[in-house]
Amino acid sequence: SGCDWASIAGIVTGLEGEALNGYRVRITDATDASSLDVEAFTGAAAGLGDGGFEYVLGNAPRSGRYDVQLFSPAGAPVSDQYRIVTRATCAENVAIINFIQIEPF
């Protein structure tokens, strides 16, 4: 889509490198959580393959600060919360965050 979008995307993998589908990735606007508080589900981004997720932020690159955290299918947090900073340039219109399991849940 060239420069016609902005998103936060990534892949979630387990201890053995297997894709983890059905997990929830919570994305909130770090400046104003009431303006954006959404969940993307792993395995739902067909273009990224199994374990992939993507949330489209808009139809053009944008500067912003977002908090991203991974939750189990049941809703329990399984990662820390991470701050993602996006920039309003075509070369940086997708922020990629991959979650890799390093210990049993």
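The values are calculated or read from the model by the stated rules, or taken from the named source; none is laboratory data. Here the structure is a predicted model, which is why all the values come from computation and not from measurement. When we count neighbours, we look across all protein chains shown, and the Cβ atoms used for this are built from the backbone with ideal geometry, even at glycine. Please note that ligands, DNA and RNA were not included when accessible areas were found on the heavy atoms of the full protein model with its side chains. Shrake-Rupley method; radii C 1.70, N 1.55, O 1.52, S 1.80 Å.
Of the residues Thr28, Ser63, Thr13, the one whose Cα sits farthest towards the positive end of the charge dipole of the chain is Ser63 (charges of +1 on Lys and Arg Cβ, -1 on Asp and Glu Cβ, taken about the Cα centre).
Using a probe radius of 1.4 Å on heavy atoms only, what accessible surface per residue do you get for the stretch 7-57? Whole Å² is fine. Please report the intermediate quantities before stating the final value.
Working: 2450 Å² over 51 residues.
Solvent-accessible surface per residue comes out at 48 Å².
Here the chain is assigned +1 on the Cβ of each Lys and Arg and -1 on the Cβ of each Asp and Glu. Its dipole about the Cα centre then comes out at about 260 debye.
Judged by the ratio a/c of the largest to the smallest principal axis of the C-alpha gyration tensor, the stretch 1-61 counts as oblate, that ratio being 1.5 or greater while a/b is no larger than b/c. Of all the options Ser35, Ser79, Ser63, the one that moves most in a Gaussian network model of the chain with Cα springs shorter than 10 angstrom is Ser35. Can you give the Rg to Rh ratio for the chain, taking only C-alpha atoms and Rh from Kirkwood? For the chain, the value is 0.97. Computed over the chain with a Gaussian network model linking Cα atoms closer than 10 Å, the most mobile of Ala30, Ala74, Ala40 is Ala74. Considering only Gly43, Gly14, Gly51, the mean-square fluctuation computed in a Gaussian network model of the chain, springs between alpha carbons under 10 angstrom, is largest for Gly14.
Checking the a/c ratio against 1.5 first, then a/b against b/c, what shape does the Cα gyration tensor give for the stretch 41-98?
Working: a/c = 2.67, a/b = 1.46, b/c = 1.83.
Oblate, since a/c reaches 1.5 and b/c is not below a/b.
Applying 1/(1 + (r/R0)^6) with R0 = 22 Å to the Cβ-Cβ distance of Trp5 and Ile84, what FRET efficiency is obtained, to the nearest 0.05? That pair, Trp5 with Ile84, gives E of 0.90.
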